[in-house]
1. Could we say that Gly103 is in contact (Cβ under 8 Å) with a residue 24 or more places away in the chain, on the phi > 0 side of the Ramachandran plot and touching a helix residue (DSSP H, G or I) at 6+ places or on another chain (Cβ under 8 Å) here?
2. Go through region 32-50 residue by residue and tally those that are open to solvent by 10 Å² or more (accessible area, probe 1.4 Å), out of contact with any helix residue (DSSP H, G or I) (no Cβ under 7 Å at 6 or more places or on another chain), within 20 Å of Val100 (Cα to Cα) and not hydrophobic (A, V, I, L, M, F, W, C).
3. Since Asp80 meets every condition but one in (1) surrounded by 15 or more Cβ atoms within 10 Å (Cβ to Cβ); (2) within 23 Å of the chain's Cα centre (by Cα), which condition does it not meet?
4. Applying the selection to region 121-143, what residues are free of Cβ contacts under 8 Å to residues at least 60 places away in the same chain, under 22 Å from Ala28 (Cα atoms) and either in a helix (DSSP H, G or I) or among the hydrophobic types (A, V, I, L, M, F, W, C) (or both)?
5. Does Glu111 count as of a type outside the set (Lys, Arg), more than 16 Å from the chain's Cα centre (by Cα) and under 20 Å from Arg59 (Cα atoms)?
6. Do the conditions hold for Leu53, that is, is it of a type in the set (A, V, I, L, M, F, W, C), in a helix (DSSP H, G or I), more than 16 Å from Phe102 (Cβ to Cβ) and at pLDDT below 85?
7. Conditions first: (1) at pLDDT 95 or above; (2) surrounded by fewer than 19 Cβ atoms within 10 Å (Cβ to Cβ). Leu110 passes all but one, so which condition is the exception?
8. Specify the residue that is least open to solvent (accessible area, probe 1.4 Å); the eligible residues are those in region 142-164 that are among the basic types (Lys, Arg) and at pLDDT below 95.
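The values are calculated or read from the model by the stated rules, or taken from the named source; none is laboratory data. Everything numeric here is computed off the predicted structure, so don't read it as measured data. Counting neighbours? That spans all protein chains shown, and the Cβs are built from the backbone with ideal geometry, glycine included. Only protein heavy atoms, including side chains, enter the accessible area calculation; ligands, DNA and RNA are left aside. Shrake-Rupley method; radii C 1.70, N 1.55, O 1.52, S 1.80 Å.
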Amino acid sequence: MAALFTGKILMANRERDEVETERELGRALENKVLLLYFGSGQCPRCRQFSPLLKDFFVRLTDEFYVERASQLVLVYVSRDETQQQQSAFLRTMPKRWLAVPFGDAFKRELELRFGVSEVPAVVVLKPNGEVIAGNAVEEIRRLGPACFRNWQEAAELVDRNFLLAEDFDDWTRRSITDPIRRLKYKLDKKTEAKNEERREEGEEAS
């Protein structure tokens, strides 16, 4: 996947850090499903869709919702008219998002390469750069985080250990009750050991 961005610069959201070296890009993108989000903070359709995409991304990557963050990375490809508009939009989005710098000609290259003519558009790519979905906007609207399962299988990711948001309630119940069960187990073991000691003392006395 890093080959797609060879020689390019990506910006970390809400930070001045640049992800530009091949090693950094490889670490950020390796073995992950990549979403290219073509959008604009000023576009009415994007303003409707962006909150859905934000929730979709958070529910798959935020450890409040999942036991382990999914293998998912998003790069924002802006159609904003000014850098201030792009920055203002990104401030409302997850910090884990990456972005093509404002004014970078690479944005046009990506639009041409993936045939993006209107926004919003979400291109879904395998780690090797092959296209899984040319525009997943409607799929995300319809299925929400569940569609990541399909992408994960199509991408043949190495690690399939992730928990979807709909499974979170079950995981939360386990996470709350597990310490109690472990404590009860320890107390039961201590009680059993004490009873065993008393039995042995009684046998010795007799």
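1. In short, no.
2. 2
3. (2)
4. If the condition is that a residue be free of Cβ contacts under 8 Å to residues at least 60 places away in the same chain, under 22 Å from Ala28 (Cα atoms) and either in a helix (DSSP H, G or I) or among the hydrophobic types (A, V, I, L, M, F, W, C) (or both), then Val131, Ala133 are the ones that fit.
5. Spelling it out, it is not the case that Glu111 is of a type outside the set (Lys, Arg), more than 16 Å from the chain's Cα centre (by Cα) and under 20 Å from Arg59 (Cα atoms).
6. On the way: of a type in the set (A, V, I, L, M, F, W, C): yes; in a helix (DSSP H, G or I): yes; more than 16 Å from Phe102 (Cβ to Cβ): yes; at pLDDT below 85: no.
Here the answer is no, as Leu53 does not meet what is asked.
7. Unmet for Leu110, out of (1) at pLDDT 95 or above; (2) surrounded by fewer than 19 Cβ atoms within 10 Å (Cβ to Cβ): (2).
8. Going residue by residue through region 142-164, those that are among the basic types (Lys, Arg) are 142, 149, 160.
Next, from what is left, pick out any that are at pLDDT below 95: 149, 160.
Details: Arg149: 100, Arg160: 126 Å².
Filtering region 142-164 for residues that are among the basic types (Lys, Arg) and at pLDDT below 95, the one least open to solvent (accessible area, probe 1.4 Å) comes out as Arg149.
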